[in-house]
Each structure stands twice: as C-alpha cells, then as structure tokens.
Amino acid sequence: MKIKYLVLILIGLAFGACNKLDVAPLNIIKDQDIFTNETGVNSYLASIYGTMPIEDFIYRPERGFMNGDGERWQNFMQPGNLTGEMVGRYNVGDAAQGFGFWPYDKIRTINYMIVNFPKYAKAFTPDKYNQFLGEAYFCRAYFYFALVKRYGGVPIVKTLQSYPEQSIEDLSVPRNKEQEVYDFIAADLDSAISLMGDANIRARANKYVAAGYKSRAMLYAGTIAKYGTVNYVDGDARQKGFAGIPADQATRYFQAAYDAAKLVEGHYSLYRKNDNKEQNYVDLFLDQSSPENMYVKDYSMSTGTAHSWDATMTCRYMTADGDAACYPTLDLVEKFTGPLPITNPDGTPKRFNDRSELKAGLEPRLLATIYFPGATLRGKEFDVQRGIYKKFNGTAAEELANNNTSSWDQPDNLVVSGDINQLYNGRRVMGLAGMYATAGNDNRTRTGLYVRKYINYKADQATCGLYQSVQTWIDMRYAEVLLNRAEAAMELGTADKTADALSVINQLRDRAGAAVATGNITIDTVRTERMKELAFEHHHWWDLRRWRIADKVLDNTRFYGIYPYWIENENKYIMLKQEEMGHRSFFFEKKWYYEPLPGGELGKNPNLYPNNPGY
Amino acid sequence: MKKLINSLLVAATLCMATSCSKKDNYAGPDATFSGNLINSVTGKNLLTETGGFQIQLDELSWSSTPVPYNIPAKPDGSFKDTRIFSGHYRVIPRNGAFWPVDTTEIDISGNTTKDFTVTPYMEIKNFTWKLSGTTLQMTFNLFAPKTEGLPRVIDVQPFINNTQFVGSGATIYDVYTGPNILGINANYSDEMAKTTYTITVPNLLSGRTFYARVGVRVDDSNKKFNYSEIVKVDVP
C-alpha cells in the first residue's frame, strides 16, 4: 500500500518538475541584454570597429591585417613598396594577389545587428538609435568596399544566414556584379549619412565620415568604369559583369563622389596650427586634436596594440630596436621637384660643402614627408654617405655609365664599405645612417632617403623600440576628401567643376608650402598632387590599379636613389643619381587589376565561379 | 585480469593494423599530355620562350568548376606534362601572344597528344643581323596577320643572353635590353608594315658568345612577346 502512494507522489513530482525549467540561463548574454542599453550597444559596435579592415601601420598586402600576428612589427612590409614610391622587400608579384581576404564572418556580425537591433528601438531616444544603426551601416559598407576593391563583384549578403537551418545550396550565394556591389556600398553609406548625427566621436563614424568614404568608393567605381573598359583582361567574369563596370556609369559615379565630398565641406578642415609649413605638415600626423582627422585608429601599449613605425622606418642609429627596410625613391622626390639640382650645366656633379644644402628651397611638404641627407632626428644627423672618392675628375654621366669606374678613376679611387666602422684616413667610409657598398644589408637606406611622415620626432630614442609606437593612424583625413573632390571634378570636366578642382588643389598646395597652380590644370595635375599629398599612406597602390595604369608605370621599371659621396681632395660632397641598391624590377601583370577569389572559398561555394580573368 | 587486458590490447592492435591496409584504388597521375602550338600563318611552331604561353587544363571528370592546372610552354613552342591524371578535360592555350582561341574538350589517358593552331598578334619578318665590332644591329619588319581589333603595338625589345634560352624572362636586361627598347606606342598601320626597323645593341662584351632575338608585344591582356628566331652571335 505504502509503495503505491510513494509511486503516485513520485509521478506527481516528476510532472511538476517540468514546469520550472524554462528559465533564461544566466551565463549567456542575450540580445535583450545588449541591444537595450548604450553600454551594450557600444560594446557590440566596439567588437565590429576592432576588426575593421583598416590598412594601417601594420597592414601587409600579402598577409592582411596582422591582428595578433608575431610578425606584425614589420611595418616596412607596406604597400608603398609595390608602387615605387618606396622600395623594400617586395616585388610586385609578391603581394599583388592578396591574402585570401574573405570577412563574411564579420559581415554576419554586422548583419546580426542590422536585423535584430530595430526590435529594441524603443529603448533609446530616436537620435541615439539612429546613430547606432547608422554606424552598423557604415561598418558594413567599409567591409564591402574592402572586398570590392580587391575582387570586383562579390556576393552581397545582407540577411542573417543560419546553418544548419538553411541548406548548403541556400548558403552558396553567387557573386553579384561589381556595379551592384558599389551601388550597395553607396546605399549603405547613404543610410549611414541620413541616420547618423554630426558629433565627432574619436575612432568612430559620423555623418560626414560616411560621406568621406562615399566619395572614396564612388571615385573608385567611376575610374574603374572609365578606365577599366579600356584596359582590361577578358574572361567570363568580365563578360558577366563581375569584373568591370560599364563605361556609361562613370559620370554617375563621379557625380556621386563629388557630391559626397562636397557634403563634408565646412565640417573638417586642413591642419594649419603652425606657421612653419614644414613643421605644420609634420605635426599634422602626430597631433591627436587635428581638425583634419576624420576617421582614425588608435593604439596603446597597455592594450598590446602598439605598432613599430618609429623602429622600422629609420635606422637603428636613431632608434632603440628594429630595422628599416623600405626607403623612399628619388622618383617620388622628383614628382615634387623635377630633377634635383645635383649636376652642373657641364655635366660634372655639383659640389656641396654640406649635405644639407641639398634640402635648401625644397617644398616644405616634401621635407616633412622624407628625411633627406643632412636632416636631423633626435639630435642625430642623417649623415648618409655611400663612400669616398679620393678625387672626382669627370662627369656624373660618364662615371655612372662605367659603373663608378671611369678612366681617371684608378683602382681604389672609390672607397666603399660594408662595415660601419671602417675608416679611411681617420674618416668613416660610410655614414652611420648609411649607405652600405651594396644591398647585402638592410637597416640602412638603399636610396639615400628615409620616411619622415608619421615619425614621432618627440619620442626619446630609448622608447623607439618594437611595439612602442602609439601614434594614431589616420585612415581618412580631410585632405583626401579634397583630392577625391578634385579628381571627380576633373573627370566630370565642366568649366565650373574644373575651377573648383583648381581651388581645391591650391588649398592643399598653400598648406603644403608649394607653389600654387594657375590656369589650366589637367587630370594628371590632380593625380600627381594625390601621390604627393598621400605618399606612404597606402593609397597609391589602389590608385595605380583603379586608374588602370599600373601595367604601364610598372613595366620592368627600376627606381632610383640619391647617393652622397665625399671627395677627399676637395673636402666636398657630391650626389649621384643611381639605381636603388636592391635593383628590383617592378612589373605589373594586367590580371592583377583584380585579385583571385580565395581558392578555399571557391572550393566551398562553386557558385562563386567564374573566377576573375586570368586566374 | 592482466591476461584479459593484454589480450584486449593485442586484439585492438590487430584491428588497427588491419584497418591500415585499405588501399588508395585511384589511378595515379600516369598519363602524358603533350603537343605543339602551331602558327597558322607559317605552319611551324609558334616562336616563344619558356613559359611564353600556358595550356590550361580543367578536369571535368569530377566537378564542373575544377581548379585550373597549367602546363607552361617550352621554348620551342611545344608543351609536355608526363604526370597527368587520366580523365576528361577542357583545354585551352592561353596567356600567350596570339589571338584568343576557343576551348576544346578532350579525354586524356596514356599518351595523348594535341596540337593547337593559333594566330599570332604580330610576326617579325625579314629578320637580319650584323655585328660591327661589338655593336649588334638587328633589322626586321613588323607584320600583323590579322589587323582588325589588334591592340596597340607597345614596343620592340632586344633580348640578349649567354645561353640559347633567350627571351623576356632570360635576358641581360639592365645592360642590353632596357636601354635599347624601341618604343612604338601606335596602332598597327600600313605605314608600320612598310617600315624597316633597326635595333642597335652596343658594347657587347668581347670574346663572348651571345644569343640574340627581338620580340614585339601588343597591349592585350597578357603583353607577351612575338619573337624572331634566335641567332648566335660570336663577339670577337
């Protein structure tokens, strides 16, 4: 009997237990915990901003964004090395096919917010809610732009994909046309512009930041439509519109780029805090409060995010650790100056009492971008000298044609060395800042020049080690928006637009301390100005590609440096224009105007075919 | 107990050992695919260089979107690969200095040969050379078999090497090629066809034997060269 009751009680208890298990788990953070309060949304957005594909100091064109990578100190492995604005450890082919960038996991994180956040709209004031949602749209556009500039058309995924709820067939999204992707980016940025406010929050987007990026993206689309229809590699992907934009779309995109750039006017301005134009241009990249900075990325030692720009752009003579391994070319310098005055009318090398005389009268912006021989950093002079001529009796051309061994040039007349400590009659053969006899060693310049842009001259030498630089990366500054505007204006070509381009270019030149342009300017004027203003900021690689001139500019091209020598019997310096020591030959294959889709993704999703032409 | 464990271990070892004996029963890459690229104008092999074109193979036996496999050109205009999986392939010569051709499908097994006929963009005709002292002078005409839609002619380059493997990828570039490039940068015209061009390469090293040729390229997708034949130059 007793047992019977016991069983009944047990059954009763068993049923009752079922009612109480539906309790939200306390160890899992759910949407309503995140999307209903500012702290939650801020942290969610921080997780997105933290993974943005920003091509900053540590970005490498063949390795990617290097988050947490042990080789992320090698800041000299930067895209400038691919273009000839500097030379370093790359040949073009080493990095032209990218690194298999495919950030759809990050895009899903953004889509998750765009899909789910609106359910919690009433938890915020409309302004706050719109700002947050606008940032999500901005971030999604940023990711898609990073994709489209590499691959052309990629699959547009704006819904929330789920597996295993959806079948593999459903998830195998085919490519969209390149034009569709650019239009999608424009639409997302338009949403961002209309939703966001104009408050300037450090390292985050606002209305005008989105407009700035829209000007960049639309300019890319316009030039690809205009020039990609003339110079291209044919193939299935091109025929189907995955690689390439119809030429008749160009004007529409240039107009959109112009309008977006114009929208930013008055909300940011060129940095002009210091009357000394050279110092002003140096500080522009170091002053955190610059009104020119639009979208930035910050670094700190405490979070382990610090970079190594100071340690890897100049030689150990001025730093505490690291190596330099990329050096500006004389070719870039000549974009500013034309041929430097290093040769007399009779062809003999001009004699200098002091190396720093070379810098006299050069454009302040150039001097702020590049360290010339004779410049100083942290109290030390860039005493660049490749060697000593006991005498120099001929012309520069004759000496160079004979590989530094002219007829008057008896054996041992030119003394060079691979050893920094080697002396000749009590004098160093090579400078402490370079140059070696040959390219065997890195760390000291191979062109006679060093990068100055972004170098923190205020830092003590002892603090210029690896992972000790915390200067901000400026991913978008107002100068670029002005250049986007000028280029779009020139491409549109009407009289009022051309006049606008001229006034914009002269704003930049005035700030730079350069001679202002008068009269007719051409598209080449604007492009050269862009190369000068944005040197080493990782733009030129993409510019050469979108203008579709990379295969002409980099056609077995060699780049040059400026080599100082001391002449013993005259106690003077001369400078010779010689091929950079690495003797690299830069060659760009046309198929590299698009990177190949990553092989692993093609294997997973056959709908991504056809791959880009030539691959 | 210990006995039981031991016997269990023995049994497990046997099981695992036998599971290793499964064999890969797919055939290895034992087929050979070879052939030539025939110049449709001359009927001879296309004048090219190592890697001057590729034969792209897409194996359709397993997938309609296979990973492409490329066989590079040999310097005599032929190609050969002795380690190909037998199967059904889509093949196309590509990335060379000739007008695009259509793909063909072919079964490869054993020893398969296939010749492709292509029309080069340009030909170097009436190629002659003479050596005066250490200066090499090469004269030639440019001829385009098909002019309609021909991309702009970029330049003619001299290639000089100290082996008979000479071309854009095997040349003493800095000294002999780079300074002596003949830029053209024009569309092909009747006038161009009538012009006799000369490329002069000075200061060849005395006492050496060089191999020389010239190549012309047009601004197509690949910018590869159409070559003259190779000549042997003994510099006194």
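Some values worked out for this structure:
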item: Virtual spin-label span in nm between A:I549 and B:E191, 7 Å along Cα→Cβ; result: 2.6
item: Separation between Cα centres of the range A:329-367 and the range A:368-430, rounded to whole Å; result: 16
item: Set of the range B:102-140 residues, backbone N closer than 14 Å to the point 7 Å along the Cα-Cβ line of B:T200; result: B:130-139
item: Euclidean distance of C-alpha centroids, the range A:214-269 and the range A:138-159, integer Å; result: 15
item: Shielding score for A:36-44, defined as the mean number of other chain Cβ atoms within 10 Å; result: 0
item: Degrees between helix A:126-151 axis and first principal axis of chain A (Cα, 0 to 90, nearest 10); result: 60
item: Stretch gain in nm, segment A:S300-A:N37, where the contour uses 0.36 nm per residue and the Cα spacing is subtracted; result: 91.9 nm
item: Label point distance in nm, B:T104-B:A12, each placed 7 Å from Cα along Cα→Cβ; result: 6.0
item: Per-residue HN-Hα couplings for the range A:306-323 [Karplus 6.51, -1.76, 1.60; θ = phi - 60°; Hz; x = Gly/Pro]; result: 4, 10, 10, 4, 5, 6, 10, 10, 10, 7, 4, 3, 9, 10, 9, 6, x, 9
item: Residue-averaged beta-carbon neighbours from other chains (10 angstrom radius) around B:92-99; result: 1
item: Nearest-0.05 FRET efficiency for A:A46 and A:V157, computed from C-beta distance (R0 25 Å); result: 0.65
item: Distance-filtered residues of the range A:425-443 - backbone nitrogen under 19 Å, label point 7 angstrom along A:K391 Cα→Cβ; result: A:425
item: Relative contact order %, chain B, counting alpha carbon pairs below 8 Å whose residues are six or more apart; result: 19
item: Extended-chain gain in nm, criterion 0.36 nm per residue less alpha-carbon gap, A:N276 and A:A247; result: 5.9 nm
item: Number of partner chain Cβ atoms within 10 Å, mean per residue of B:58-69; result: 2
item: 3J(HN,Hα) from dihedral phi, the range A:518-530, Karplus parametrisation 6.51/-1.76/1.60, rounded to Hz, x for glycine, proline; result: 10, x, 6, 10, 10, 4, 5, 4, 5, 5, 5, 4, 5
item: For peptides A:550-561, A:158-169, sequence by mean Cβ density within 10 Å, most packed first; result: A:550-561, A:158-169
item: Fraction of beta bridges assigned by DSSP in the protein assembly as shown that are antiparallel (%, nearest 5); result: 90
item: Distant-in-sequence amide H partners of A:F242 (H built 1.01 Å from N, under 5 Å); result: A:E178
item: Rounded to 10°, Cα long-axis angle of helix A:495-512 versus longest principal axis of chain A; result: 70
item: Between 0 and 90°, nearest 10: helix A:207-227 axis offset from chain A longest Cα axis; result: 70
item: In nm, spacing of pseudo-spin labels at A:A401 and A:L423 (7 Å Cα→C-beta vector); result: 4.0
item: Size of the range A:513-610 as Cα extents on the principal axes (Å, biggest first); result: 72, 41, 22
item: Theoretical FRET efficiency, 1/(1+(r/R0)^6), r = Cβ-Cβ of B:N45 and A:T525, R0 56 Å, to 0.05; result: 0.70
item: Fewest-first ranking of B:M122, A:M435, using other Cβ atoms within 10 Å as the exposure measure; result: B:M122, A:M435
item: Packing-based ranking, highest mean first, of A:503-516, A:36-49, A:481-494 given that Cβ atoms within 10 Å are counted; result: A:481-494, A:503-516, A:36-49
item: Sites A:W408 and B:R152 - FRET efficiency at Förster radius 41 Å, r taken between beta-carbons, to 0.05; result: 0.35
item: Most to least packed among A:231-237, A:105-111, B:213-219 [average Cβ atoms within 10 Å]; result: B:213-219, A:231-237, A:105-111
item: Shape category assigned to the protein assembly as shown from the gyration tensor of Cα positions, a/c cut at 1.5; result: oblate
item: Hz values of 3J(HN,Hα) by residue in the range B:128-136 - Karplus curve (6.51, -1.76, 1.60), Gly and Pro given as x; result: 10, 9, 8, 10, 10, x, 10, 9, 9
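Since every read-out is calculated from the coordinates, none of them should be taken as a lab result. Not measured: the values here are computed from a predicted model. Counting neighbours? That spans all protein chains shown, and the Cβs are built from the backbone with ideal geometry, glycine included.
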